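The structure under discussion appears below in the form of structure tokens.
The values are calculated or read from the model by the stated rules, or taken from the named source; none is laboratory data. Since we're looking at a predicted model, the values are computed, not measured. As a convention, Cβ positions derive from the backbone with ideal geometry for all residues, glycine included, and neighbour counts pool all protein chains shown. To get the accessible areas, we keep the full protein, side chains included, count just its heavy atoms, and leave off ligands, DNA and RNA. Shrake-Rupley method; radii C 1.70, N 1.55, O 1.52, S 1.80 Å.
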Amino acid sequence: MKIDMRRSGSLQKMLLTEWKHLYNEGRDLKIEWNIMHMYSSVQLAKLLAIKRSIDPELAALTAILHDIATVETMKKEKHAEIAEPYIRKAVERFNNGPGIKVSIITDDEVEMIIKAVIEHSNKEKHSDDMLTELLKDVDSLDRYLHGIETDNAYLERCNKAMKELNMEMMV
């Protein structure tokens, strides 16, 4: 059995090509952190998506784009709330890229991604949208797994995700 991840792999490659020449001066978060966080979040998103019966490629695409505004603006503050135009521009570049050999990211998928990304920073608020909840959990869990202090709503989400994966958090 094989899951099709060609679009997410191609989108990651496109963004990495664009971002690898960026500099760290003036950034709230180093570009290396953003790239590392993107890649590890994608893997966690696919795992949790499979566990929750969500399309793993849609989850991966969402994880890839969830912090794009932080990269583009160099600022972390309100990055989720202002992400929509950056997501749309990235998807447009991807869909119209030269020699694209994978299917496009559809308008419906873009709307689902934007909804999840815009809401992902509010970890305290529960959403009825499964993709939004997945992204909040992934972002929290990735933070924990990178050794960043994790408490409150982030910790609650980590515990929930770890239990779903039949794992326990290390204290």
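Select from segment 81-95 the residues that are of a type in the set (A, V, I, L, M, F, W, C) and buried (at least 17 other Cβ atoms within 10 Å of the Cβ) and write down the one among them that is nearest to His120 (Cα to Cα). Across segment 81-95, the extreme among qualifying residues is Ala83. Yes or no: Met5 farther than 15 Å from Ala90 by Cα, out of contact with any Lys or Arg (no Cβ under 8 Å at 6 or more places or on another chain) and of a type in the set (A, V, I, L, M)? No; evaluated as a whole, the condition is false for this residue. Scanning segment 4-39 for residues that are assigned to a loop (DSSP other than H, G, I, E, B) and farther than 21 Å from Val102 by Cα gives Lys20, His21, Leu22, Tyr23, Asn24, Glu25, Gly26, Arg27, Asp28, Leu29, Lys30.
The set of residues in segment 44-68 that are farther than 18 Å from Asp108 by Cβ and open to solvent by 20 Å² or more (accessible area, probe 1.4 Å) comprises Leu44, Lys46, Leu47, Ile50, Lys51, Arg52, Ser53, Asp67.
Matching residues to (1) among the small types (Gly, Ala, Ser); (2) closer than 21 Å to Thr70 by Cα; (3) under 17 Å from the mean Cα position of the chain (by Cα):
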position	(1), (2), (3)
Ala90	yes, yes, yes
Asp107	no, no, no
Met112	no, yes, yes
Asp128	no, no, no
Asp139	no, yes, yes
Asp142	no, yes, yes
Glu149	no, yes, no
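In segment 79-100, which residue that is outside any helix (DSSP H, G or I) and in contact (Cβ under 8 Å) with a residue 40 or more places away in the chain is nearest to Glu133 (Cα to Cα)? Show your work before the answer.
Of the residues in segment 79-100, the ones outside any helix (DSSP H, G or I) are 79-83, 96-100.
Now narrow it down to the ones that are in contact (Cβ under 8 Å) with a residue 40 or more places away in the chain: 79-81, 97, 100.
Working: His79: 18, Ala80: 14, Glu81: 16, Gly97: 30, Ile100: 31 Å.
Applying the filter and picking the extreme gives Ala80.
For segment 127-157, name all the residues that are hydrophobic (A, V, I, L, M, F, W, C), open to solvent by 40 Å² or more (accessible area, probe 1.4 Å) and in contact with a Lys or Arg (Cβ under 9 Å, 6 or more places away or on another chain). Within segment 127-157, just Met130 meets the criteria.
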